[in-house]
1. Would you confirm, using the coordinates I've provided, whether residue 248 is at pLDDT 95 or above and more than 16 Å from the ligand (Cβ to nearest atom)?
2. Do you know which residues across segment 18-39 are touching a helix residue (DSSP H, G or I) at 6+ places or on another chain (Cβ under 8 Å) and part of a helix (DSSP H, G or I)?
3. Filter segment 112-139 down to the residues that are within 13 Å of the ligand (Cβ to nearest atom) and not in a helix (DSSP H, G or I), then identify the one that is surrounded by the fewest Cβ atoms within 10 Å (Cβ to Cβ).
4. Can residue 76 be described as touching a residue at least 40 places away in the same chain (Cβ under 8 Å), under 25 Å from the mean Cα position of the chain (by Cα) and part of a helix (DSSP H, G or I)?
5. Does segment 289-305 contain at least one residue that is within 13 Å of the ligand (Cβ to nearest atom) and within 29 Å of residue 206 (Cβ to Cβ)?
6. Any idea how many residues of segment 184-211 are more than 16 Å from the ligand (Cβ to nearest atom) and in a loop (DSSP other than H, G, I, E, B)?
7. Would you mind stating whether residue 177 is more than 16 Å from the ligand (Cβ to nearest atom), within 26 Å of the chain's Cα centre (by Cα) and surrounded by 15 or more Cβ atoms within 10 Å (Cβ to Cβ)?
Ligand code: GDP
């Protein structure tokens with residue numbers, strides 16, 4: 001998996017540069033505090049968490065009489081880590097199990113989110129991680145809406161060396177493809193089935209119908225162990241609004257934050273976890289097969305601070 005720290009640092013991390021510039025001043029003036037606040041807001045940390053962080057930091061600086069820039073930076077690091085919440089359980093539920101009949105059931109991971117956020121790419125990268133870990137994987141191309149989606153997934157499957165279950169017909173029933181993929185995983189004794197879905201945000205009722213049906217038919221074959229919501233870190237508040245709709249209709253258990261390599265807005269991690277009440281479990285750091293990393297609060301904050 002990608003090494004987070006170097007990758008985020010390579011993206012320039014202007015957040016870190018700006019914060020450090022402010023924090024390296026000998027004495028923090030009111031203007032400096034305002035600049036600190038603005039920098040955090042620009043990084044999409046969100047108004048609530050930014051306010052809390054600044055308050056806590058000011059209190060510590062005052063109460064503990066902290067002056068040296070390095071010490072203030074250490075306090076900021078600590079506060080950011082607390083906001084990111086290192087205690088959240090970020091493990092992926094990908095262990096297969098046995099059904100009531102005593103027969104094999106694969107773990108099933110449903111990947112949801114708006115088109116273009118990086119769902120198909122994430123499925124490919126995740127398959128690679130699982131295969132490297134010695135697991136057998138089946139991919140399900142339930143994005144039957146976008147013409148090239150199944151081809152794209154199949155290409156990832158071939159690259160990683162895992163089979164892809166798909167329909168040859170555009171507009172086929174996504175639930176039927178998802179069902180076939182999970183059945184194939186069950187019959188072949190696969191450990192994990194990863195199901196890619198379409199991200200049509202037509203309306204909430206339509207989305208609920210589509211994802212609801214996929215979920216229902218999958219669980220006839222095997223329990224759904226994870227619902228991963230893929231969110232593009234560069235889309236800010238707009239992405240967050242869309243994410244909220246998916247979280248409401250799909251029973252999301254984890255977030256994959258993609259395209260963190262191309263943005264200084266990593267603070268969205270804090271905002272999205274707080275908004276949705278679901279942990280960020282994985283992060284995307286590029287378009288290549290190795291550009292997926294497990295999320296780690298301390299590593300992440302260190303990357304953010306540069
Ligand atoms: P989908 O429509 O949600 O399935 O999105 P895709 O997987 O097709 O990805 C959309 C675009 O985003 C593609 O060009 C991907 O290569 C790119 N992409 C996906 N994840 C990342 C990432 O973590 N970083 C970068 N830079 N690009 C990404």
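The values are calculated or read from the model by the stated rules, or taken from the named source; none is laboratory data. Predicted model, so just to flag it, every value in this text is computed and none were measured. When we count neighbours, we look across all protein chains shown, and the Cβ atoms used for this are built from the backbone with ideal geometry, even at glycine.
1. Details: at pLDDT 95 or above: no; more than 16 Å from the ligand (Cβ to nearest atom): yes.
Taking the combined requirement at face value, the residue does not satisfy it.
2. Kept after step one, since they are touching a helix residue (DSSP H, G or I) at 6+ places or on another chain (Cβ under 8 Å), are these residues of segment 18-39: 18-20, 22-26, 28, 32-33, 35-37, 39.
Listed by number, the residues that qualify are 18, 19, 20, 22, 23, 32, 33, 35, 36, 37, 39.
3. Taking the candidates together, the pick is 116.
4. Numbers: touching a residue at least 40 places away in the same chain (Cβ under 8 Å): yes; under 25 Å from the mean Cα position of the chain (by Cα): yes; part of a helix (DSSP H, G or I): yes.
Yes.
5. No, segment 289-305 contains no residue that is within 13 Å of the ligand (Cβ to nearest atom) and within 29 Å of residue 206 (Cβ to Cβ).
6. Our first condition is that a residue be more than 16 Å from the ligand (Cβ to nearest atom); within segment 184-211, this holds for 184-193, 203-206, 208-209.
Going one step further and asking which of them are in a loop (DSSP other than H, G, I, E, B), we end up with 188-191, 203.
Residues meeting the conditions: 5.
7. Values: more than 16 Å from the ligand (Cβ to nearest atom): no; within 26 Å of the chain's Cα centre (by Cα): yes; surrounded by 15 or more Cβ atoms within 10 Å (Cβ to Cβ): yes.
No, not satisfied.
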